[in-house]
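Chemist: Would you mind keeping the following structure in view while I ask a few things?
The values are calculated or read from the model by the stated rules, or taken from the named source; none is laboratory data. If you're wondering where the values come from, they're calculated on a predicted model, not measured in any experiment. Don't worry about glycine lacking a Cβ; one is built from the backbone with ideal geometry, like all the others, and counts go over all protein chains shown.
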Amino acid sequence: MGPLVTTQQNSAKTLDATAGDTFEVALWEDRTAGYSWTPRYDPAALDLVDDDYQRTVNVDTADYGRRTFTFLAKTPGEHLLVLEHRVGWNFSAGNRRQYLVRIRPAAPSGHHPLN
């Protein structure tokens, strides 16, 4: 994956996670016109462990719903997660959401963070 740049017009939201834990990003999706969200991320830092779609409009002519991506945080540090809203036959994204994922190291085994 090439370098990803955060601009002022499309600034990144910050997500905090702990290495070894999962976190979710949920976005609305309109599949009626062929659009869907496509994630881009460093596979050394994150794993996509689930991709779920819940249809919310129950009519024959529309397919609107909530798309939920579940990621596993792997490598401590700051990593960029980009979700691009694309239509299947177009190479460029019509919309882009950027997240700065800050991954904390996992607590040592047997150590409770409140001790």
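Chemist: Can you tell me which residue is farthest from Val101 (Cα to Cα) among those in the range 44-71 that are under 14 Å from the mean Cα position of the chain (by Cα) and of a type in the set (Lys, Arg)?
Modeler: Selected residue: Arg66.
Chemist: For the subset of the range 12-39 comprising residues that are of a type in the set (Val, Ile, Thr) and assigned to a strand (DSSP E or B), which member is modelled with the lowest pLDDT?
Modeler: So, considering only residues that are of a type in the set (Val, Ile, Thr) and assigned to a strand (DSSP E or B), the one modelled with the lowest pLDDT is Thr38.
Chemist: If the requirement is being more than 19 Å from Pro105 (Cα to Cα), out of contact with any strand residue (DSSP E or B) (no Cβ under 8 Å at 6 or more places or on another chain) and either exposed (fewer than 12 other Cβ atoms within 10 Å of the Cβ) or modelled with pLDDT of 95 or more (or both), which of these qualifies: Pro43, Pro3?
Modeler: After ruling out the rest, the residue left standing is Pro3.
Chemist: Kindly establish whether Leu100 is surrounded by 16 or more Cβ atoms within 10 Å (Cβ to Cβ), modelled with pLDDT of 95 or more and out of contact with any Pro (no Cβ under 6 Å at 6 or more places or on another chain).
Modeler: No: the conditions fail for Leu100.
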